[in-house]
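Down below is the structure, laid out as structure tokens.
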Amino acid sequence: GINDANYIVPSLAVLFVGSELIKNIRIPYITLVEAAGKYKENKNLNIYEAILNLILSILFVKFLGVYAVLLASLVSGAIRTTLYIIFTYKNIIECSIKKVIFRLLVNIMVSVIIIFIPFSSEGISLVGWFQLALKVSFSTIIILLSVNILFDTKSSKELLNRIKGLLKIKKLSRYKI
């Protein structure tokens with residue numbers, strides 16, 4: 001019976017998730033850059049990302065409020081992630097970036113489509129919310145795996161073989177004394 005602010009704002013949730021997704025995509029590339037000892041080559045770009053984020057936030061916060069801060073984070077993060085990917089493939093891995101870009105674009109498009117799958121969450125209990133979360137997670141995993149197997153069979157087989165190899169190692173390590 002309380003009628004104050006509306007705390008259910010799906011567009012904010014999408015911006016939060018998008019911003020964090022961009023950061024998570026970047027993690028393996030940061031790891032490669034640091035492992036290769038190439039952090040100094042990227043130091044200035046990291047500073048530029050922070051400055052861009054701050055400038056965009058300040059410029060648009062008056063018009064968009066908290067949306068401006070999230071959009072600024074999303075835009076600056078996407079630019080910086082793209083630069084990390086390019087740097088990694090150009091200077092560390094030294095191979096074509098086309099496959100990675102294609103894979104990322106396919107997964108982003110599928111993820112955007114998944115956002116629009118209707119799952120009703122109105123009037124559910126906490127237990128119902130957890131059940132819905134499991135349903136959404138399972139559906140998302142199945143859809144993304146299926147699309148990736150369809151579009152990138154070779155990499156999917158390699159991943160499956162790696163997982164099998166890891167499971168064998170874990171099984172063997174249980175029996176060692």
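The values are calculated or read from the model by the stated rules, or taken from the named source; none is laboratory data. These numbers come from a predicted model, not from an experiment. Note: ideal-geometry Cβ built from the backbone for every residue, glycine included; neighbour counts use all protein chains shown. Heavy atoms of the whole protein, side chains included, go into the accessibility calculation; ligands, DNA and RNA do not. Shrake-Rupley method; radii C 1.70, N 1.55, O 1.52, S 1.80 Å.
Label zone of VAL9 (point 7 Å out along Cα→Cβ, amide N under 18 Å): in the range 47-78 this covers 57-75. Across the range 79-84, rounded Karplus estimates of 3J(HN,Hα) from the backbone phi angles (6.51 cos²θ - 1.76 cosθ + 1.60, θ = phi - 60°) give 5, 5, 4, 4, 5, 4 Hz, Gly and Pro being marked x.
In µm²/s, what is D for the range 98-147 at 37 °C and 0.692 mPa s, where D = kT/(6 pi eta Rh) by Stokes-Einstein and Rh is the Kirkwood radius from Cα pairs? My calculation gives 268 µm²/s for D. Sorting GLU34, GLU49, GLU94 on solvent-accessible area from highest to lowest, probe radius 1.4 Å, gives GLU94, GLU34, GLU49.
For the range 26-34, the Karplus equation 6.51 cos²θ - 1.76 cosθ + 1.60, evaluated at θ = phi - 60°, returns couplings of 6, 3, x, 6, 4, 4, 5, 4, 5 Hz by residue, with Gly and Pro reported as x. Cross-link pairs exceeding 20 Å between alpha carbons, from the set LYS99/LYS157; LYS23/LYS154; LYS23/LYS43: LYS23/LYS154. Per residue, the Cα convex hull of the range 19-118 amounts to 99 Å³. Take the range 12-126 with all the other protein chains still there, run a 1.4 Å probe, and you get 67 Å² of accessible area per residue. Rounded to the nearest whole Hz, the Karplus-based 3J(HN,Hα) values (6.51 cos²θ - 1.76 cosθ + 1.60, θ = phi - 60°) of the range 107-120 follow the sequence 5, 5, 4, 5, 4, 5, 5, 4, 4, 8, 6, x, 10, 7, with x at glycine and proline. Distances over 24 Å make up what percent of all Cα-Cα pairs in the chain? When every Cα pair of the chain is considered, 57 percent fall beyond 24 Å. The residue list LEU159, ALA72, TYR84 was ranked by how far each Cα lies along the charge dipole of the chain toward its positive end, using unit charges on Cβ atoms, and LEU159 comes out on top. In a reduced charge model with +1 at each Lys and Arg Cβ and -1 at each Asp and Glu Cβ, the range 37-168 shows a dipole moment near 520 debye about its Cα centre.
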